[in-house]
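The values are calculated or read from the model by the stated rules, or taken from the named source; none is laboratory data. This one's a predicted model, so the numbers in the text were calculated from it and none came from an experiment. Here Cβ is always computed from backbone atoms with ideal geometry, including for glycine, and neighbour counts include all displayed protein chains.
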Amino acid sequence: MTTPTPERQPLFLAGEYTEGTGDGTFDVISPATGERVGVLPLPSAADLDTAVAAAHRAQRSWAGVNVWDRAAVCHRIADGIDGMREELARLQTLEQGKPLAESVADVTEAAQLFRLHAEDAVRLGGETLLSRDSSKRMFTFHRPVGTWGIITPWNFPLLMFAEFAAPGLATGNALVVKPPAHTPLTVLRAMEALTAAALPPGLVSVLPGDGGFGDALVRHPGVHAIGFIGSSATGARIQAAAGLKRSLMECSGNGPLVVLADADVAAAARAAVDGAYPCAGQVCCATERVVVHREVHDEFVAAVLRESERVVLGDPLAPGTLLGPLNNEAVAAKMDRHLADARERGAKVLLGGGRRAGMPTDLYYEFTVVDEVPKDSLLAREESFGPVVPVITGTDEDDLLRIANDDALGLQGAVFTRSMKSAFRFVEEMAVGQVVVNETNNWWDITMPFGGAGGRGTGWGRIGGKWTLLDMTDLRTGVINLSD
């Protein structure tokens, strides 16, 4: 595998690439090779002030641009991203570690989001309301919130930037973005597409930094709203700092995938594996827990082991690789900790269970299948964020539903059954934001609303379709007095 010569990557501040005014730099290290793939300057507090001030100036005029013209800019951004697809995908694989085919799909979907939300925006109408006072006319309409502070995770660098940027820009907002220090390069390079699309200078700034810089972004008085995708623990700290600012929070998930006694076991096993290896399992709706009816347990586990044979761990740029390295040591250490705890509690590791020796870095984790996982183990209670299929056994449908709901991270779940009655029961009673029937746990579509269930540790608001536009705008009401 070859990597580009490490070079200093500038910030994207107030509409142009710049070194900024901060002290020091940080290196971006490829988890696939261990080599440096970029050097970035650290932004300063003054750089943040500059970004916010530029966002305010640009947003005031951008909000007044006709929505059809804003949509046209978003379509041009999509065209620009498509034109850079191969370059952006390769760069993302180098800095993130996921297989190249996944990166190509991510870049393609990022472009699709700009097209989708351009069309959503021109159809974001209001409503006429009937007043009890016959002399009054009431109606609603949507206006941009203003300047959003956006904090994105390292697992889908460009795609999750687009999940906020596309609806935010289409509805007239400005964005100051802090991508993760682990994977900032792809988003920074993609700014060329935004510049070429004639996006007003200053409307978007991208300032990679550490947690302290993210905290300053959240607390900045000129930032009106916060968009965050990441862990529940980090989300809680961000929300505490944000106070009463508008926020859209999409946080951790922990499955589950439920297999009922009447399920197509082969399909369920294939789905469990397909939900565990993409992005090395570093997906918030991955196969984090599999809850299986005891009557089909043995058949299911055998089928999972057969399906696992096709998961090739290796160089993410090589054809045929399905599983690349984990992105960073912290997530690899969590996998180590979760598996050690599971073993101590009596779980059986049937496949994998550790880091692969002899690889370019220590971040290549074997595809892992664990049976007889105790319900109180770390593997069952926390988001592992690695390539693992943990199997928990239940006695009947009621028990399976109880186990599925015995968790604080209600993001997305799946259920396999041939019964329409059981399918509807789990759709309605599983305490997650989305339930997918007879499909892998990490299935989603950019047109559907995605987010956690209320009152649980997965945040609020919805990513996807028109619902993100609703979350990123203020609903306003007009009242006209027609009396003399």
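Cβ separations smaller than 6 Å between residues 6+ apart or across chains give the following pairs from the stretch 374-391 residues that are in contact (Cβ under 8 Å) with a residue 60 or more places away in the chain and farther than 21 Å from R306 by Cβ to residues that are among the β-branched types (V, I, T) and not in a loop (DSSP other than H, G, I, E, B): F385/V331. The condition (being assigned by TED's automatic domain parsing to the domain that holds V331, surrounded by 24 or more Cβ atoms within 10 Å (Cβ to Cβ) and not charged (D, E, K, R)) is satisfied by just one residue among A280, A302, A267: A280.
Checking the conditions here, which among F450, F385 is on the phi > 0 side of the Ramachandran plot and under 21 Å from the mean Cα position of the chain (by Cα)?
On the way: F450 fails: on the phi > 0 side of the Ramachandran plot.
Just one listed residue meets the conditions, F385.
Condition (residue is of a type in the set (K, R) and at pLDDT below 95) applied to the stretch 452-471: is it met by at least one residue? Scanning the stretch 452-471, I find at least one residue that is of a type in the set (K, R) and at pLDDT below 95, so the answer is yes.
In the stretch 320-340, the residues that are assigned to a loop (DSSP other than H, G, I, E, B) reach residues that are at pLDDT below 95 and not hydrophobic (A, V, I, L, M, F, W, C) with C-beta atoms within less than 7 angstrom, at least six apart or across chains, in these pairs: N327/H182; N328/H182. Evaluate the following for A408: is it under 30 Å from L363 (Cα atoms) and surrounded by 20 or more Cβ atoms within 10 Å (Cβ to Cβ)? Criteria not met by A408.
Six or more apart or on different chains, Cβ atoms under 7 Å: show the pairs whose first residue is in the stretch 187-216 and aromatic (F, W, Y) and whose second is in a helix (DSSP H, G or I) and surrounded by fewer than 21 Cβ atoms within 10 Å (Cβ to Cβ). Close Cβ pairs satisfying both conditions: none exist.
Can you pull out the helices (runs of 4 or more DSSP H) entirely within the stretch 40-142 that have at least 1 residues that are within 27 Å of the chain's Cα centre (by Cα), among the charged types (D, E, K, R) and closer than 21 Å to P180 by Cα? Before you say what the answer is, go through the steps one by one.
On the way: elements: 45-63, 67-83, 85-96, 100-121.
Fully inside the stretch 40-142 and qualifying: 45-63, 85-96, 100-121.
Listed here are the strands (runs of 3 or more DSSP E) enclosed by the stretch 345-432 that have at least 2 residues being farther than 21 Å from G451 by Cβ: 348-351, 368-371, 388-394.
With the condition being β-branched (V, I, T) and buried (at least 19 other Cβ atoms within 10 Å of the Cβ), I'd like the strands (runs of 3 or more DSSP E) fully within the stretch 189-262 carrying at least 2 qualifying residues.
Numbers: elements: 204-206, 225-229, 246-250, 257-259.
Fully inside the stretch 189-262 and qualifying: 204-206, 225-229, 257-259.
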